[in-house]
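Student: Okay, here's the structure, questions in a sec.
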Amino acid sequence: MEWDWPNLLRVNSAVAALMTSAGIYLQCFRLFRTRSARDLSPALIITLLYFEVSWLAYGLMISEWPVIAGTAATLPADIGIAVGYVMFGRNRPPALPEIKTERKR
């Protein structure tokens, strides 16, 4: 493979896609481990799903396998985040009771 600008950009895009996918999967695993979607907003979830579906459609349209593969690999995590958000809502784990201490003089 010749290392001209288009190929360098393809490699850079593939690395960026892997990093993004890893972050989304880690967030999905954390959501199900903690059973809390407190830190997620509905706007983020809708944006992630729209982003992935749009890129998948675009990748299929231009027949570019790295776009198709990267998007298809991340889409299950996005769906998992949406499902987890619906299942757990914005509940947060029960807080520890506050311990009040008084100073003795």
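The values are calculated or read from the model by the stated rules, or taken from the named source; none is laboratory data. Note that the structure is predicted; figures quoted are calculated from it, not measured. Quick reminder, even Gly has a Cβ in these numbers, built from the backbone with ideal geometry, and neighbours come from all protein chains shown.
Student: Condition check: part of a helix (DSSP H, G or I), surrounded by fewer than 14 Cβ atoms within 10 Å (Cβ to Cβ), of a type in the set (G, A, S) and at pLDDT below 90. Does A16 satisfy that? Break it down into steps so the answer makes sense when it comes.
Tutor: Details: part of a helix (DSSP H, G or I): yes; surrounded by fewer than 14 Cβ atoms within 10 Å (Cβ to Cβ): yes; of a type in the set (G, A, S): yes; at pLDDT below 90: yes.
Spelling it out, A16 is indeed part of a helix (DSSP H, G or I), surrounded by fewer than 14 Cβ atoms within 10 Å (Cβ to Cβ), of a type in the set (G, A, S) and at pLDDT below 90.
Student: Scan region 19-47 for residues that are assigned to a helix (DSSP H, G or I) and surrounded by fewer than 12 Cβ atoms within 10 Å (Cβ to Cβ) and report the count.
Tutor: Our first condition is that a residue be assigned to a helix (DSSP H, G or I); within region 19-47, this holds for 19-34, 42-47.
Pick out the ones that are also surrounded by fewer than 12 Cβ atoms within 10 Å (Cβ to Cβ) and you get 19, 26, 33, 42-43, 46.
Qualifying residue count for the region: 6.
Student: Kindly provide the set of residues from region 1-13 that are in a helix (DSSP H, G or I) and without any contact (Cβ under 8 Å) to a residue 24 or more places away in the chain, ordered by number. It would help to see each step written out before you state the result.
Tutor: Within region 1-13, the subset in a helix (DSSP H, G or I) is 5-13.
Within region 1-13, W5, P6, N7, L8, L9, V11, N12 meet the criteria.
Student: Still on this structure, please answer the following. Checking G70 against (1) surrounded by 11 or more Cβ atoms within 10 Å (Cβ to Cβ); (2) at pLDDT 90 or above, which single condition isn't satisfied?
Tutor: (2)
Student: So how many residues does region 3-49 have that are of a type in the set (A, V, I, L, M) and within 19 Å of A69 (Cα to Cα)?
Tutor: So in region 3-49, the residues of a type in the set (A, V, I, L, M) come out as 8-9, 11, 14-19, 22, 24, 26, 31, 37, 40, 43-46, 48-49.
From what is left, the residues that are within 19 Å of A69 (Cα to Cα) are 8-9, 11, 14-19, 22, 24, 26, 48-49.
Qualifying residue count for the region: 14.
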